[in-house]
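J.: Here it is, the structure in full.
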Amino acid sequence: MRNEDYKTSSDWLRYRTHWISDNPPLDNGYYICGICGRWVPADEVTLDHIKPRTAENMFADWNIQPAHGYCNYLKGSRRWEPKVSRETYEFLRYLSNM
């Protein structure tokens, strides 16, 4: 997935589809919500912008984390420190692929 392929907010659904395929759930079929830290079923996951979205960071992989829809809604556009670091998530993915 190349971020330069995405230019406008209308590209969001296409980006989301690619993000989900590039970042599959852990082997238990769940993601970890970056907001509350609990398990999110793969069929219920939403993508949250860690920092409020702008034209520059809307499609930036470093600014995207999986989240519950409700957590994402409550967070809104506020800044939020992720509960699960990218390194921890990558380590869990590594363990899941062993």
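Since every read-out is calculated from the coordinates, none of them should be taken as a lab result. In this text the structure is predicted, and so the values were computed from the model without any measurement. Every residue, glycine as well, gets a Cβ built from its backbone with ideal geometry; the counts of neighbours run over all protein chains shown.
J.: Just to be sure I understand, how many residues within region 30-43 are more than 15 Å from Thr88 (Cα to Cα) and either exposed (fewer than 14 other Cβ atoms within 10 Å of the Cβ) or free of Cβ contacts under 8 Å to residues at least 12 places away in the same chain (or both)?
T.: Summing the residues that are more than 15 Å from Thr88 (Cα to Cα) and either exposed (fewer than 14 other Cβ atoms within 10 Å of the Cβ) or free of Cβ contacts under 8 Å to residues at least 12 places away in the same chain (or both) in region 30-43 gives 2.
J.: Taking region 47-81 on its own, how many of its residues are touching a residue at least 12 places away in the same chain (Cβ under 8 Å), over 18 Å from Gly37 (Cβ atoms), out of contact with any helix residue (DSSP H, G or I) (no Cβ under 6 Å at 6 or more places or on another chain) and of a type outside the set (D, E, K, R)?
T.: 6
J.: Could you figure out which of (1) in a strand (DSSP E or B); (2) within 15 Å of Trp12 (Cβ to Cβ); (3) of a type in the set (A, V, I, L, M, F, W, C) isn't true of Phe59?
T.: Condition (1) is where Phe59 drops out.
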